[in-house]
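Peer 1: Sending over a structure as structure tokens; questions will come in a sec.
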Amino acid sequence: MGFFDSLQDGLNANADNASEPVKTQQLESQLESLEKSRVELCAQLGASVFDEVRLDPAVRGPREALVKEIEELDERRSQLSAEIAHIVAEAEAARAQAEAEAEAARAQAEAARAQAEAEAEAARIEEESRAALLSAQVATCPSCGGEVGADDYFCTACGTSLAAAQDDRTCASCGDLLLPNARFCMSCGTPVPAEPNEPEEDACALPEETSPEQPDEGPARCSACGEEVLPDYAFCTSCGAKLD
């Protein structure tokens with residue numbers, strides 16, 4: 001054998017020695033996998049024949065302790081499964097109840113909002129009706145019989161003090177003093193019953209003639225107090241002074 005042949009044989013031997021741990025590891029991994037598969041198959045086989053062993057006294061006798069231990073484990077497994085199912089059912093019931101309560105609260109809030117809006121609308125309509133009624137009210141001056149407003153302190157036609165002319169009559173609804181000859185309360189709009197022997201209006205009376213409107217020259221003011229007055233006022237409604 002030549003020098004080079006001996007050298008090649010040495011290299012091959014070293015290579016085989018170096019790969020030996022790798023091969024061993026691979027074989028051991030395969031063996032472990034086979035052992036695992038065997039255990040699983042044995043478990044399946046044991047589970048399939050367990051009922052036969054448990055019910056057959058001849059077979060069960062030598063294996064009594066093992067069979068009893070397995071039965072106890074199965075009973076415990078059933079208890080745990082039932083407990084888990086109970087917890088899940090309670091959680092589902094609590095969730096459904098919470099959703100129902102939230103929906104009921106939402107519906108209640110919606111109903112309360114709708115009721116509040118309806119009440120606000122009814123109050124608005126009532127206030128508008130009251131304001132319209134008050135705006136249509138007419139009282140008369142006890143001195144000259146001219147029309148006076150709810151906020152007038154003096155008659156615009158003759159200058160009579162309306163505050164001094166109030167009598168002891170009060171509104172049956174709100175209790176405020178009534179102006180003489182008032183048909184409605186100037187505070188709340190409640191109709192005032194007619195006094196005995198109060199003359200009724202002549203429904204056929206012709207309306208008073210009014211003078212042609214004059215061009216607007218700006219608001220007129222009282223020379224005594226400076227308050228704004230209407231052009232056809234003879235006396236100031238604020239201070240009672242005679243107007244020019």
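The values are calculated or read from the model by the stated rules, or taken from the named source; none is laboratory data. If you're wondering where the values come from, they're calculated on a predicted model, not measured in any experiment. Quick reminder, even Gly has a Cβ in these numbers, built from the backbone with ideal geometry, and neighbours come from all protein chains shown.
Peer 1: Within the bounds of segment 126-137, is there any residue that is outside any helix (DSSP H, G or I) and surrounded by 10 or more Cβ atoms within 10 Å (Cβ to Cβ)?
Peer 2: Scanning segment 126-137, I find at least one residue that is outside any helix (DSSP H, G or I) and surrounded by 10 or more Cβ atoms within 10 Å (Cβ to Cβ), so the answer is yes.
Peer 1: Would you pick out the residues in segment 64-88 that are over 16 Å from residue 47 (Cβ atoms) and among the aliphatic types (A, V, I, L, M)?
Peer 2: Within segment 64-88, 65, 80, 82, 84, 85, 87, 88 qualify.
Peer 1: Additional query: Which one is modelled with the lowest pLDDT among residues in segment 56-72 that are hydrophobic (A, V, I, L, M, F, W, C) and surrounded by 10 or more Cβ atoms within 10 Å (Cβ to Cβ)? I'd like the intermediate steps shown before the answer.
Peer 2: We begin by selecting, within segment 56-72, every residue hydrophobic (A, V, I, L, M, F, W, C); these are 58-59, 65-67, 70.
Among the residues that remain, those that are also surrounded by 10 or more Cβ atoms within 10 Å (Cβ to Cβ) are: 59, 66-67, 70.
Details: 59: 75, 66: 82, 67: 80, 70: 83.
Step by step, filter segment 56-72, then rank; the result is 59.
Peer 1: Next up: Being touching a helix residue (DSSP H, G or I) at 6+ places or on another chain (Cβ under 7 Å) and either modelled with pLDDT of 80 or more or assigned to a loop (DSSP other than H, G, I, E, B) (or both) is true for just one of 91, 150, 105. Which residue is that?
Peer 2: 150
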